[in-house]
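The values are calculated or read from the model by the stated rules, or taken from the named source; none is laboratory data. In this text, all values refer to a predicted model and were calculated from it rather than measured experimentally. Note that each Cβ is placed from the backbone with ideal geometry, even for glycine, and that neighbours are counted across all protein chains shown. Just the protein is used for accessible areas: all its heavy atoms, side chains included, with ligands, DNA and RNA removed. Shrake-Rupley method; radii C 1.70, N 1.55, O 1.52, S 1.80 Å.
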Amino acid sequence: MKSASRRSSPALCGIYPHNGASPPRPEAAQEGDTAWHGAIAYSRCMRRHVVVVADPDPLAAQRARQALEEEGWEVRVTDRISEALRTIQGEAVDVLILDTEVAELEWHRAVPIIKEMRPRLPIIITARANAPDLEAEVRRQHVFYYHLKCFGLEELRLAVRSAIQRGTRR
């Protein structure tokens, strides 16, 4: 019979948030302490959510990075779609924020490629200004959210939070 301290980590993932208790502190650990083992497993399975921001405007990208990092999310910023695609392929990305003016490939051509790579990845399209043809194309692409930059960073934060919550429920 296996002892409780030898359980696999996946069985212990998330036990502390669900019961309201905090993981024990390292200094409270003793050899054979199953609660401490659970805390170690819990910390291993917790990771920061990763958001990729692909925006050619360095000031807008920096503002988005700062706002999203304040939420505790890891943020990768690029001005090139190729770099965003490499990041999506190589990392566990939770949300992509893609500006309509991103370099190298038109956004509406990039979205189907991204959806082929990662069908469940929430994509938030950002634009400086709205136009009827742009809005129609965004709707055709079936992205998670369409964000106009003039609405501010709080709306973007809410959209990312919603996308992450949707992703954790799957």
Quick one: count up the residues across the range 59-80 that are outside any helix (DSSP H, G or I), among the hydrophobic types (A, V, I, L, M, F, W, C) and over 12 Å from the mean Cα position of the chain (by Cα).
1
For the range 80-95, how many residues are in contact with a helix residue (DSSP H, G or I) (Cβ under 7 Å, 6 or more places away or on another chain) and among the charged types (D, E, K, R)?
1
Which condition breaks for ARG157 when tested against (1) touching a residue at least 12 places away in the same chain (Cβ under 8 Å); (2) out of contact with any strand residue (DSSP E or B) (no Cβ under 8 Å at 6 or more places or on another chain); (3) farther than 22 Å from HIS49 by Cα?
(3)
So which helices (runs of 4 or more DSSP H) stay within the range 91-170 end to end and still have 2 or more residues that are hydroxyl-bearing (Ser, Thr, Tyr)?
153-169
Taking the conditions exactly as written (open to solvent by less than 30 Å² (accessible area, probe 1.4 Å), among the aromatic types (Phe, Trp, Tyr) and either in contact with a Phe, Trp or Tyr (Cβ under 7 Å, 6 or more places away or on another chain) or at pLDDT below 95 (or both)), does TYR16 satisfy them or not?
yes
Hey, among the residues in the range 77-102 that are among the small types (Gly, Ala, Ser) and in contact with a strand residue (DSSP E or B) (Cβ under 9 Å, 6 or more places away or on another chain), which one's nearest to ALA54 (Cα to Cα)?
ALA84
Please determine, by comparing only the residues of the range 89-128 that are of a type in the set (S, T, N, Q) and free of Cβ contacts under 8 Å to residues at least 60 places away in the same chain, which one is surrounded by the fewest Cβ atoms within 10 Å (Cβ to Cβ).
GLN89
